[in-house]
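What follows is one structure encoded as structure tokens, with my remarks underneath.
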Ligand SMILES: [Zn+2]
């Protein structure tokens, strides 16, 4: 590891510690997510990424930060039960409730398999009530194995950037049939001013729950503090679909 890399690691660890301290027991904040914007816009939005995932991308901007992949667990889907996702803490804490459940190897355990999910700041172009174009910052997040990440990867390989273009982002189907499509539409014509755009701290977006509180959290309980625990989770009546309909359960 180089000194630069070590310095970066220290900075990331400090940021994560600070985020946990500021975020109360939950250590995460509620943000506008892509699935909410899609639901509000007939399942199709035009959007741009406000950050690169790759630090060596041609439009990489350290001030704006980068998209990030976190390893997470989610509660296996059961109608009426709480549905929650949180970061895997196996590496950071040495213990992880999700990993323990996954290791049981019973009927339900495979639903606890850890997976990676990418988070990145993005901007949607939508119309307000007067028909004027407005730019809405949001957090775009998808599982690493999702087709839509392959589509993004393919664009990044060709262009060495993901921030130079407006994408048409579409959702079709529901629940296990949900599909997302990310299609580049046009080069940037009159872009938003990225300097004026609010960026979310992605470290706080994926819930980072201390090990001793994970069982309660995944079961749908409140875990103290004043932070909302509803950002990626909610309990709903059996017929209702979960708040996080971005999951490919
Ligand atoms: Zn884990």
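The values are calculated or read from the model by the stated rules, or taken from the named source; none is laboratory data. Model, not experiment: these values are computed from the prediction. Glycine also receives a Cβ, built like all others from the backbone with ideal geometry; neighbour counts cover every protein chain displayed.
Does residue 74 qualify as being closer than 16 Å to residue 206 by Cα and within 16 Å of the ligand (Cβ to nearest atom)?
Yes: the conditions hold for residue 74.
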Practice item. Considering every residue within the stretch 206-225, establish whether at least one is touching a strand residue (DSSP E or B) at 6+ places or on another chain (Cβ under 6 Å), within 15 Å of residue 32 (Cα to Cα) and modelled with pLDDT of 85 or more. Key: yes
Practice item. Report yes if residue 71 is crowded, with 21+ Cβ neighbours inside 10 Å and more than 30 Å from residue 186 (Cβ to Cβ), otherwise no. Key: no
Check your understanding: What residue, among those in the stretch 85-100 that are touching a helix residue (DSSP H, G or I) at 6+ places or on another chain (Cβ under 6 Å) and in a helix (DSSP H, G or I), is farthest from the ligand (Cβ to nearest atom)?
Key -> 93
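Each row is one residue, and each column tells you yes or no for (1) more than 23 Å from residue 79 (Cα to Cα); (2) in contact with a helix residue (DSSP H, G or I) (Cβ under 7 Å, 6 or more places away or on another chain).
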{"residue": "112", "(1), (2)": "no, yes"}
{"residue": "119", "(1), (2)": "yes, yes"}
{"residue": "125", "(1), (2)": "yes, no"}
{"residue": "132", "(1), (2)": "yes, no"}
{"residue": "141", "(1), (2)": "yes, yes"}
{"residue": "160", "(1), (2)": "yes, no"}
{"residue": "168", "(1), (2)": "yes, no"}
{"residue": "175", "(1), (2)": "no, no"}
{"residue": "183", "(1), (2)": "yes, no"}
Practice item. Sort through 69, 49 and tell me the only one that's away from the ligand (no atom under 16 Å from the Cβ) and within 17 Å of the chain's Cα centre (by Cα). Key: 49
**Study point:** Residues located in the stretch 102-125, provided they are free of Cβ contacts under 8 Å to residues at least 60 places away in the same chain and either within 16 Å of the ligand (Cβ to nearest atom) or buried (at least 16 other Cβ atoms within 10 Å of the Cβ) (or both)
**Key:** 102, 103, 104, 105, 108, 109, 110, 112, 113, 114, 115, 116
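Please go through the stretch 78-89 and give me each residue that is under 23 Å from residue 29 (Cα atoms) and surrounded by fewer than 17 Cβ atoms within 10 Å (Cβ to Cβ), ordered by number.
Filtering the stretch 78-89 down to residues under 23 Å from residue 29 (Cα atoms) leaves 81-89.
If the condition is that a residue be under 23 Å from residue 29 (Cα atoms) and surrounded by fewer than 17 Cβ atoms within 10 Å (Cβ to Cβ), then 81 is the only one that fits.
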